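Structure first, commentary second.
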Amino acid sequence: MSLLIYAESAEGKFKKVAFELASYAKKVAESLGTTVTAVTINAGDVSDLSKYGVDKVLKVNNDALTGFSARAYADVIKQAAQKEGAKVVVLSSTTDSIYLSSLVAISLDAGFTSNVVGLPVSTSPFQVKRTAFSNKAFTITEITTDIKVLGLAKNSYGIIENNVSLTEEDFNPTIDAADFNVKVTSVEKSSGKVSIADADIVVSGGRGLKGPENWGMIEELASVLGAATACSKPVSDLGWRPHGEHVGQTGKPVATNLYIAVGISGAIQHIAGINSSKVKVVINNDPEAPFFKVADYGIVGDAFEIVPQLIEKLKTFKAQH
């Protein structure tokens, strides 16, 4: 019996979430008295996984899987789980893995729970802690099926080195042509920027910036911090910023180490989508803005005065260190 994870990669390189998933899985496997196997799809060098506790890697290399297909990828993970006799399968909470999780669970006749934020509370019975009600509460969920599928919430466990020896094995699962009935015709990617999905820090702007011509200071602040840029729903609806930058419950949920909101009042849907972020900083000239109620740090004032000063202070700090 083994614990299986799907280690996500992009253009042959592992995403940061793959290492967090491996770190989490290693600790769970230790409590179960088993080992960690990772299945990879068109990844390059897989040796880095050994640093975070992965004992074995099933390497799938297939040109048909170059573009993401939820059904095909789920089928690969299912076959890997069956091959290894895995009783626990752990996936991340990226956009791709959210699509995959339910498909994997159905194919394995497994119980599934998402938004897992901690190690199992108990392994017999198998119980895990997860968030509920848009991250406003926690619940202990018991999975009673023989096989369990867990969706680990992003940035909920961290990346912990745990060096082990690694076994690599080429794996050639059966690929069903029917899995590709839905095809991706094109993919647009931003270059030279930190993606929201991989960012530890996000700088987000709202209607308080008054127009797209003022977005330069958001991008400059993000650049100084090594952060991704994002926006509120009204901003993307107005066409000031791409819809891919819209974060919140109705956009991309984020769980960053630091979330900076500039000129965002804090609609409930926006707050629900960013509430898992560890530190929230709000800059707004309205002291009654709802965002201040959930902020860890708040600055009441004109963003057009505060943000440039913040940028200069950060540049000075970086130059000195």
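The values are calculated or read from the model by the stated rules, or taken from the named source; none is laboratory data. Predicted model only: the values in this text are computed from it and were never measured. FYI the Cβ positions are ideal-geometry reconstructions off the backbone, even for glycines, and counts take in every protein chain you see.
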In the set A132, A137, A81, A153, the lone residue that is small (G, A, S) and modelled with pLDDT of 95 or more is A81
Here the qualifying pairs (Cβ atoms under 6 Å; residues six or more apart or on different chains; first in the stretch 199-215 and touching a residue at least 60 places away in the same chain (Cβ under 8 Å); second not hydrophobic (A, V, I, L, M, F, W, C)) come out as V202/T256; V202/Y259; G208/G263; L209/G263
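Results for (1) in contact with a helix residue (DSSP H, G or I) (Cβ under 8 Å, 6 or more places away or on another chain); (2) modelled with pLDDT under 95, shown as yes or no for each residue.
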| residue | (1), (2) |
| --- | --- |
| L221 | yes, no |
| A228 | yes, yes |
| P242 | yes, yes |
| V247 | yes, yes |
| P253 | yes, yes |
| G263 | yes, no |
| G266 | yes, yes |
| A272 | no, yes |
| S277 | no, yes |
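Among the strands (runs of 3 or more DSSP E) lying completely within the stretch 100-210, list those that include at least 3 residues that are more than 24 Å from the chain's Cα centre (by Cα) and over 30 Å from V300 (Cα atoms). Spell out how you get there, then give the answer.
Working: elements: 111-116, 126-132, 137-143, 148-152, 167-170, 201-205.
Of the strands (runs of 3 or more DSSP E) lying wholly inside the stretch 100-210, those with at least 3 residues that are more than 24 Å from the chain's Cα centre (by Cα) and over 30 Å from V300 (Cα atoms) span 167-170.
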For F68, the lone unmet condition from (1) within 20 Å of E8 (Cβ to Cβ); (2) crowded, with 18+ Cβ neighbours inside 10 Å; (3) of a type in the set (A, V, I, L, M, F, W, C) is (2)
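For the stretch 1-95, please list each of the strands (runs of 3 or more DSSP E) lying entirely inside it that holds at least 1 residues being without any contact (Cβ under 8 Å) to a residue 40 or more places away in the chain and either more than 23 Å from A197 (Cα to Cα) or of a type in the set (A, V, I, L, M, F, W, C) (or both).
Values: elements: 2-6, 35-41, 56-60, 88-91.
Once the strands (runs of 3 or more DSSP E) in the stretch 1-95 are filtered for at least 1 residues that are without any contact (Cβ under 8 Å) to a residue 40 or more places away in the chain and either more than 23 Å from A197 (Cα to Cα) or of a type in the set (A, V, I, L, M, F, W, C) (or both), what remains is 35-41.
Would you point out the residue of the stretch 256-278, among those that are of a type outside the set (A, V, I, L, M) and part of a helix (DSSP H, G or I), that is nearest to the chain's Cα centre (by Cα)? Break it down into steps so the answer makes sense when it comes.
Start the filter on the stretch 256-278 by keeping residues that are of a type outside the set (A, V, I, L, M), which leaves 256-257, 259, 263, 265-266, 269-270, 273, 275-278.
Then keep just the ones that are part of a helix (DSSP H, G or I); that gives 269-270, 273.
On the way: Q269: 19, H270: 17, G273: 12 Å.
The selected residue is G273.
Could you tell me whether A222 is without any contact (Cβ under 8 Å) to a residue 60 or more places away in the chain and either assigned by TED's automatic domain parsing to the domain that holds G67 or over 18 Å from the mean Cα position of the chain (by Cα) (or both)?
Values: without any contact (Cβ under 8 Å) to a residue 60 or more places away in the chain: yes; either assigned by TED's automatic domain parsing to the domain that holds G67 or over 18 Å from the mean Cα position of the chain (by Cα) (or both): yes.
It is true that A222 is without any contact (Cβ under 8 Å) to a residue 60 or more places away in the chain and either assigned by TED's automatic domain parsing to the domain that holds G67 or over 18 Å from the mean Cα position of the chain (by Cα) (or both).
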Going through the stretch 213-255 in order, the residues found to be in a loop (DSSP other than H, G, I, E, B) and crowded, with 16+ Cβ neighbours inside 10 Å are W215, A227, S232, W240, R241, G248, Q249, G251, P253, V254, A255
